[in-house]
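Beneath this line is the structure, given in structure tokens, with notes to follow.
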Amino acid sequence: MKNKTDHHEMGNDILENDITLYTVLLTPELAQNLVDNQRRNRNIKRFTLSRYENQLRRGRWFQTGETIKIDKEGRMVDGQHRCCAVINTGISIPAAVASGLDDDAVYFIDIGTKRTGGDVLTMSGHKNANNKAAALKWLFFYRNGLMERTTNPAVCPDHGDILGLAESVEMDYAMQIGNNAKSILVPSICAFAAYVFYDLDNYDADCFFNFLIDGVGLERGSPVLMLRNRLIADKANKAKLPQIEKAALVFKAWNAYRKKVQIQQSLRWRREGPSKERFPRAI
């Protein structure tokens, strides 16, 4: 069985056209020239630009076959985010270029469906891929001390980070816990917490999640009961707690449970203000 196909094997299926494909070293100088001479383009998306810059600085930029596109007048019609990332970081990269595109091609670029972390895991054979990718994203932030910066595109994990975690950690049991608790808590947050807690103490983690899921045997003042009640109330409210706050409450309840501390008032996590709290580290 052949593992790859090159242009010679396509034979008569190859069509002649005016588009030229080649690879260049995209230096900051060349990138600036392309930006200065580009066709009128959409506004820069800060999230995308920050993500590209982060990938370049981390040495995680890969050639995927995606091209910088140039029309017949020599104007760039696609690739401004890549060029701006190279300019801003000063890091040169190999870049594929397609030149000779029709003027109207710009209106049909980037209209496909973007691949998600779940798509990448699905293609790698993982089950429950969307929830697993979300749980691994939480784990990435937690391990790297970035829980207060989860909305910052510059520190978000890329697909390579998610795939690397999926191949290095065993999440199946944690995903099962997340699925069992889905009636009161987002599966990805629960699975992320379960992975961290079981890594610390299997017995306590078993008890904690059993109590959280069924509520049986919990006494007044139990941190698990306080967490359970807070999550159930949130389900009924129109104004939902932010996901990061839910995750923090789970960790605060876990720490109190481990310390055998009773909670007499509501379980809270102060994300902002003068009494702002860091995201809890599980004990």
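Summary of values
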| item | result |
| --- | --- |
| Given (1) surrounded by 14 or more Cβ atoms within 10 Å (Cβ to Cβ); (2) assigned to a loop (DSSP other than H, G, I, E, B); (3) of a type outside the set (S, T, N, Q), index of the condition Leu30 fails | (2) |
| Matching residues, the range 14-27, being polar (S, T, N, Q), outside any strand (DSSP E or B) and farther than 14 Å from Ile87 by Cβ | Asn17 |
| Conditions (1) out of contact with any Gly (no Cβ under 7 Å at 6 or more places or on another chain); (2) loosely packed, with under 15 Cβ neighbours inside 10 Å; number of the one not met by Gln262 | (1) |
| Selection count where residues are assigned to a loop (DSSP other than H, G, I, E, B) and under 22 Å from Ile162 (Cβ atoms), scope the range 33-74 | 10 |
| Qualifying residue in the range 85-94 (condition: in the same structural domain as Asp18 (by TED's automatic domain parsing), in contact with a strand residue (DSSP E or B) (Cβ under 8 Å, 6 or more places away or on another chain) and under 26 Å from Thr150 (Cα atoms)) | yes |
| Members of the range 233-268 found to be within 16 Å of Thr150 (Cα to Cα) and either touching a residue at least 24 places away in the same chain (Cβ under 8 Å) or among the polar types (S, T, N, Q) (or both), listed by number | Pro242, Gln243, Ile244, Glu245, Lys246, Ala247, Ala248 |
| Looking only at the range 230-255, and only at residues there that are assigned to a helix (DSSP H, G or I) and small (Gly, Ala, Ser), the one that is nearest to the chain's Cα centre (by Cα) | Ala247 |
| Any hit, the range 154-168, residues being assigned to a loop (DSSP other than H, G, I, E, B) and polar (S, T, N, Q) | no |
| Count of residues meeting criterion [more than 13 Å from the chain's Cα centre (by Cα) and free of Cβ contacts under 8 Å to residues at least 24 places away in the same chain] in the range 142-166 | 3 |
| Qualifying positions in the range 195-228 - of a type in the set (S, T, N, Q) and surrounded by 14 or more Cβ atoms within 10 Å (Cβ to Cβ) | Asn210, Ser222 |
| Out of Ile177, Ile109, sole residue that is touching a strand residue (DSSP E or B) at 6+ places or on another chain (Cβ under 9 Å) and either under 26 Å from Arg57 (Cβ atoms) or touching a residue at least 24 places away in the same chain (Cβ under 8 Å) (or both) | Ile109 |
| Residues being touching a residue at least 40 places away in the same chain (Cβ under 8 Å) and on the phi > 0 side of the Ramachandran plot - total across the range 269-278 | 0 |
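The values are calculated or read from the model by the stated rules, or taken from the named source; none is laboratory data. Since this is a predicted model, take the numbers as computed values, not measurements. Don't worry about glycine lacking a Cβ; one is built from the backbone with ideal geometry, like all the others, and counts go over all protein chains shown.
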